[in-house]
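Trainee: Encoded as structure tokens, here's the structure I'll be asking about.
The values are calculated or read from the model by the stated rules, or taken from the named source; none is laboratory data. What you see is a predicted model, and the numbers here were worked out from it, not measured in a lab. Neighbour counts run over all protein chains shown; Cβ positions are idealised from the backbone, glycine included. What goes into the accessible areas is simple: the full protein's heavy atoms, side chains included, and nothing from ligands, DNA or RNA. Shrake-Rupley method; radii C 1.70, N 1.55, O 1.52, S 1.80 Å.
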Amino acid sequence: MAKKQFKAESKRLLDLMVNSIYTHKEIFLRELISNASDAEDKLAYKSLTDGSVDVKRADLKITIVPDKETRILTVSDNGVGMSKEDLESNLGTIARSGSGQFKAELAEDDKAAGKIDVIGQFGVGFYSAFMVADHVTVISRAWGAEEAWMWQSDGADGYTVTACEKEAPGTDIILHIRANADDENYDQYLETHKLQELIKKYSDYIRYPIVMEVEDYRMKDKPEDAPEDYKPEWETVKEWKTLNSMVPLWQRPKSKVEPEEYNAFYKEKFNDWQDPLTVIHTSAEGAVTYKAMLYIPEKTPYDFYTREYQKGLQLYSSGVLIMDKCADLLPDHFRFVKGVVDSADFSLNISREVLQHTRQLKVIASALEKKIKNELLTMQKEDREKYEKFWTAFGTQLKYGVVSDYGQHKEVLQDLLLFWSSKEGANTTLAAYKDRMPEDQPYYYYACGESVEKIAKLPQVERILDKGYEILYCTEDVDDFVMKGLREIDGKEFKSVTEEDALPQTEEEKKAAEEKAEAGKPVLEAVKEALDGQVKEVRVSSILKSGACCLSADGPVSIEMERYMRKVEGGQPMKADRVLELNADSAPFAALKKAVDAGDKDTVAKYARLLYAQALLLADLPLEDPAEYTELVCSLMI
Ligand code: ADP
Ligand code: MG
């Protein structure tokens, strides 16, 4: 009998499948089971609308039979079945409506390969069988028909359809599994435990039972006349088992799900041994329809801040997994969220256009982003202790979010941030900080350093605290960037206490400062000369209160940034233009002045180097020559 040829696109696709450039060969089972489930659905629907069809929903099931001897794996259903014409048109052609779109995508397939689950995206279902089988037989009998038909193919070179016998309506998909290859283990698709695993992974929520005969190892019943020293005996029994759990948790109404069920699902699905911090169970109908169940873990996953960590939500289409980690569903700043999204709008059918999916993904992603934010805000307001836990685990990620993408997520994230408050001695939100602000306070103040204790002792901090203003103590590397990223909220700017204009001066204060600077000029010049190019400028400080000296930066690179760059880049860091600030009212300044007035250059040089070293230490920057500094200090003792 002459073989019939596949339609052109089908042929192209078959080539792709067989020489499979795609890594997930295992999805063939999901595809065949989904088709079987569709067939059961169609029959169930028929029985509702057509009085002559009499089926009990309870009888509908999908049967899996592996046979290692013959290398045959059979997937059977008792659904609607296919007529001869159905076989020809359904399995002889693919993607009639969407083939143009599909071809355009294929043109880009080199890029797409490995990156996306192509089959999941395009739902080319049935053909995926050829990834693992070198011969496929389909025996089908349509409901209401007496005759059955057998479709057979070895792949790209065509197919045959012949008449055959079949006892009951439905379809058997019979795969002759390929021989093992060097780089591919096909044997596993005949192993019951592997098949069980795949069904659990991809088809757990198919609404019909998926049954397979599995071996169970169990203890024999103890005989009545068992002797005293009876030892239990074990036996292997074969039994038919339903492998899928059938009702997805997320499809159930919230009120019908117990907290333990939410937690158990999370732990099993996302391999965490701890309960999640919180769960968000939500759904939407309208432009897109979906159900989602999102979790926020309690602890930072061990690989969270590494390249290995992949963000994403599991994407289901009516209970069938189509993508394990759909990254597009989560913005980076919420990449710690785990969960599932189920939307019938993502059909497994290829005729859906891919672009349309992208739009739907965007709509869902932005709705979920809002949900997550609201959940966190509610937690922040109603269960602060829990929120602090969340903040410890993922706060840094939110800060990265503020800084990334040119600050475009600032609006979403600013309400969620916490910083250490000098006034509260605890974390504060920016809103609470704002509420406590005295009316005359011009800025949100912050100070960066290694620890809260160290920051509190910074000489620059004193004058701000003395005014009764609160300071946000920032101890993370990213904080300085976060503050610069936030820039302002409702017109109020963020200001580092190390900036000269952090406290606005009155005209009188300005004048007094200028006079002081003028009077100090000879000292400043002498110190600058002694430091020999190590600092850009030496100035009389207007930001010190009791401290003798500190370091500031002039220009775009702040001291905090330099410190950060040193950490991440090592070697040759970006350097701030350094300014040594001296307190003209301090005793050391008086000592300096005395030496300058006396023309004692050696002493001036010694004092200048000492003060500069103090300023570096306070700024947490390394001394260029610690040995020289030690000598210098020791020389004062003699
Ligand atoms: P899709 O499922 O996206 O339509 P497939 O390639 O998986 O694409 O299947 C093609 C078509 O073949 C299905 O739409 C269906 O009409 C038919 N088909 C496949 N498997 C079965 C089955 N087990 N029973 C009845 N029809 C089937
Ligand atoms: Mg299908």
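Trainee: Using heavy-atom solvent-accessible surface (probe 1.4 Å) with all chains present, what is the largest-first order of Val363, Val247, Val288?
Mentor: Numbers: Val363 50, Val247 85, Val288 10 Å².
Descending accessible area places them as Val247, Val363, Val288.
Trainee: Please report the carbon-and-sulfur percent of the accessible area for the chain; probe 1.4 Å, protein heavy atoms only, DNA, RNA and ligands left out. Write out the running numbers ahead of the final one.
Mentor: Values: 15760 of 32530 Å².
Here carbon and sulfur together make up 48 percent of the probe-accessible area.
Trainee: Taking H placed 1.01 Å from N in the peptide plane, check which residues at least 5 places from Cys326 or on another chain put their amide H under 5 Å from its amide H.
Mentor: Amide H neighbours of Cys326, under 5 Å, 5+ apart: Leu313, Gln314, Leu315.
Trainee: Separate question: State the extension gain, in nm to one decimal, for the chain segment bounded by Glu147 and Val65, taking 0.36 nm per residue of separation less the distance between their alpha-carbons. Spell out each step's value before the answer.
Mentor: Details: separation 82, 0.36 × 82 = 29.52 nm, distance 2.37 nm.
Taking 0.36 nm per residue and subtracting the Cα distance, the gain is 27.2 nm.
Trainee: Return the sequence-ordered ³J(HN,Hα) values of region 222-236 in whole Hz as given by the Karplus equation 6.51 cos²θ - 1.76 cosθ + 1.60 applied to θ = phi - 60°, using x for Gly and Pro.
Mentor: For region 222-236, the Karplus-derived couplings read 6, x, 4, 8, 4, x, 3, 8, 4, 9, x, 10, 10, 9, 9 Hz, x marking Gly and Pro.
Trainee: Charges on Cβ only, +1 for Lys and Arg, -1 for Asp and Glu, centred on the Cα centroid of the chain; of Leu617, Val540, Phe265, which one is farthest towards the dipole's positive end?
Mentor: It is Val540.
Trainee: Compute the distance in nm between two label points, each set 7 Å from the Cα along the Cα-to-Cβ direction, one at Asp625 and one at Asp225.
Mentor: Once both label points are built, they end up 10.2 nm from each other.
Trainee: Could you tell me the distance between the Cα centroids of region 225-280 and region 363-398, to the nearest Å?
Mentor: Here the two parts' Cα centres lie 30 Å apart.
Trainee: A further question on this structure: Expressed as a fraction of 2.2 N^0.38 Å, the rule-of-thumb size for a compact globular protein of N residues, what is the C-alpha radius of gyration of the chain?
Mentor: On the way: Rg = 35.9 Å, N = 638, 2.2 N^0.38 = 25.6 Å.
So the chain has a normalised radius of gyration of 1.40.
Trainee: Whats the longest run of the chain with zero chymotrypsin sites (Phe, Trp or Tyr not before Pro) that are DSSP loop and have at most 10 other Cβ atoms within 10 Å? List each step's numbers first, then the result.
Mentor: Values: sites that count: Tyr230, Trp273, Tyr302.
Excluding the exposed sites themselves, the longest stretch runs over 303-638.
Trainee: Next question. Accessible area per residue for the chain in Å², computed with a 1.4 Å probe and the full protein assembly in place, what is it? Can you show the working numbers first?
Mentor: Numbers: 32530 Å² over 638 residues.
In whole numbers, the chain has 51 Å² accessible per residue.
Trainee: Kindly flag which residue pairs out of Lys386/Lys467; Lys254/Lys291; Lys492/Lys575; Lys61/Lys200 have an alpha-carbon separation exceeding 23 Å in this structure.
Mentor: Lys386/Lys467; Lys492/Lys575
Trainee: Quick one: which residues, 5+ away or cross-chain, put their amide H under 5 Å from the amide H of Asp577? H built at 1.01 Å from N.
Mentor: Excluding prolines and chain starts, which carry no amide H, the hits are Asp554, Val557.
Trainee: If each residue of separation counts as 0.36 nm, what is the full-extension length gain between Ala513 and Asp86 once their alpha-carbon separation is subtracted? Mind showing how you got there, number by number?
Mentor: On the way: separation 427, 0.36 × 427 = 153.72 nm, distance 9.23 nm.
Extending this stretch completely gives an extra 144.5 nm.
Trainee: Which far-off residues, 5 or more places away or on another chain, put their amide H under 5 Å from the one on Val288, with H placed in the peptide plane?
Mentor: none
Trainee: Any chance you could look up the accessible area of Asp50 with a 1.4 Å probe, heavy atoms only, rounded to 10 Å²?
Mentor: My reading of the accessible area for Asp50 is about 60 Å².
Trainee: In whole percent, what relative contact order does region 507-636 give with Cα contacts below 8 Å and a gap of six or more residues?
Mentor: Reported relative contact order: 27 percent.
Trainee: Cut-off under 13 Å on the C-alpha distance; same-chain residues fewer than 8 positions from Lys536 excluded. Which aspartates and glutamates are left, in chain and number order?
Mentor: Glu525, Asp554, Asp577, Glu581
Trainee: Another one. With unit charges on the beta carbons (Lys and Arg positive, Asp and Glu negative) and the dipole taken about the Cα centre of region 418-496, which residue among Tyr446, Ile464, Ser421 sits farthest to the positive side?
Mentor: Ile464
Trainee: Rounded to the nearest 20 debye, what is the charge dipole size of region 507-636 about its Cα centre when +1 sits on each Lys and Arg Cβ and -1 on each Asp and Glu Cβ? Intermediate results must be reported in sequence, preceding the final value.
Mentor: Working: 18 positive and 25 negative charges, 31 e Å.
Dipole magnitude for region 507-636 comes out near 140 debye.
Trainee: How far apart, in nm, are two points set 7 Å out from the Cα along the Cα-to-Cβ line at Asp134 and at Lys454?
Mentor: 6.7 nm
Trainee: Return the distance in nm (one decimal) between the two label points of a simple spin-label model at Tyr217 and Thr392, each offset 7 Å from Cα along Cα→Cβ.
Mentor: Rounded to a tenth, the inter-label distance reads 4.2 nm.
Trainee: I'd like the GluC sites (Glu not before Pro) in region 428-526 restricted to DSSP loop residues with at most 13 other Cβ atoms within 10 Å, sorted by number.
Mentor: Glu439, Glu450
Trainee: Separate question: Residue by residue, what Karplus-based ³J(HN,Hα) values in Hz, rounded to whole numbers, does region 41-52 have, using 6.51, -1.76 and 1.60 with θ = phi - 60° and x for Gly and Pro?
Mentor: Residue by residue, region 41-52 yields 4, 4, 5, 4, 5, 4, 5, 6, 9, 10, x, 7 Hz.
Trainee: About its Cα centre, how strong a charge dipole does the chain have in debye, to the nearest 20, once Lys and Arg get +1 and Asp and Glu get -1 at the Cβ?
Mentor: Working: 85 positive and 116 negative charges, 221 e Å.
For this selection, approximately 1060 debye.
Trainee: Calculate the FRET efficiency for Val257 and Lys373 from the Cβ-Cβ distance with a Förster distance of 22 Å, rounded to the nearest 0.05. Don't jump to the answer; show the numbers that get you there.
Mentor: On the way: r = 23 Å, r/R0 = 1.04.
After rounding to 0.05, the efficiency reads 0.45.
Trainee: What ranking of Glu537, Glu624 comes out by heavy-atom accessible area, probe 1.4 Å, highest first?
Mentor: Numbers: Glu537 65, Glu624 125 Å².
From most exposed to least exposed: Glu624, Glu537.
Trainee: Now a separate question. If you put +1 on each Lys and Arg Cβ and -1 on each Asp and Glu Cβ, how big is the dipole of region 418-496 around its Cα centre, in Debye rounded to 20? Mind showing how you got there, number by number?
Mentor: Details: 11 positive and 16 negative charges, 25 e Å.
Once rounded to the nearest 20, the dipole reads 120 debye.
Trainee: Check each of the trypsin sites (Lys or Arg not before Pro) in region 153-249 and keep only those in coil by DSSP with at most 11 other C-beta atoms within 10 angstrom; list them in order.
Mentor: Values: sites: Lys166, Arg178, Lys194, Lys200, Lys201, Arg207, Arg218, Lys220, Lys238, Lys241; in loops: Lys166, Arg178, Arg207, Lys220.
Here the trypsin sites (Lys or Arg not before Pro) that fit, given the DSSP loop and packing criteria, are Lys220.
Trainee: Also, quick follow-up: Can you list which of the trypsin sites (Lys or Arg not before Pro) found in region 304-343 are DSSP loop residues with at most 14 other C-beta atoms within 10 Å?
Mentor: On the way: sites: Arg307, Lys311, Lys325, Arg335, Lys338; in loops: Arg307, Lys311, Arg335.
Qualifying residues, ordered by number: Arg307.
Trainee: Mean separation of Cα pairs under 8 Å and 6+ residues apart, divided by the residue count of the chain: what relative contact order is that in percent? Walk me through the numbers before you get to the answer.
Mentor: Numbers: 1047 pairs, mean separation 54.6, N = 638.
Taking the mean separation of contacting Cα pairs over the length of the chain, I get 9 percent.
Trainee: A further question follows. Going down the table (Lys373/Lys423; Lys325/Lys567; Lys457/Lys593), which pairs top 29 Å between alpha carbons? Don't jump to the answer; show the numbers that get you there.
Mentor: Values: Lys373/Lys423 27 Å; Lys325/Lys567 33 Å; Lys457/Lys593 26 Å.
Listed pairs above 29 Å: Lys325/Lys567.
Trainee: Between their Cα atoms, which of Lys371/Lys399; Lys381/Lys495; Lys381/Lys454; Lys269/Lys311; Lys42/Lys241; Lys68/Lys166 are more than 21 Å away from each other? Could the numbers behind the result be given before it?
Mentor: Values: Lys371/Lys399 19 Å; Lys381/Lys495 27 Å; Lys381/Lys454 30 Å; Lys269/Lys311 15 Å; Lys42/Lys241 24 Å; Lys68/Lys166 23 Å.
Long pairs (Cα-Cα over 21 Å): Lys381/Lys495; Lys381/Lys454; Lys42/Lys241; Lys68/Lys166.
Trainee: Turning to a different aspect of this structure: Pairs of alpha-carbon atoms within less than 8 angstrom and 6+ residues apart define the contacts here; what relative contact order does region 249-388 have, in percent?
Mentor: That works out to 20 percent.
Trainee: Right, something else. Return the sequence-ordered ³J(HN,Hα) values of region 310-317 in whole Hz as given by the Karplus equation 6.51 cos²θ - 1.76 cosθ + 1.60 applied to θ = phi - 60°, using x for Gly and Pro.
Mentor: Each residue's phi maps through the Karplus curve to give 10, 7, x, 10, 6, 10, 10, 10 Hz.
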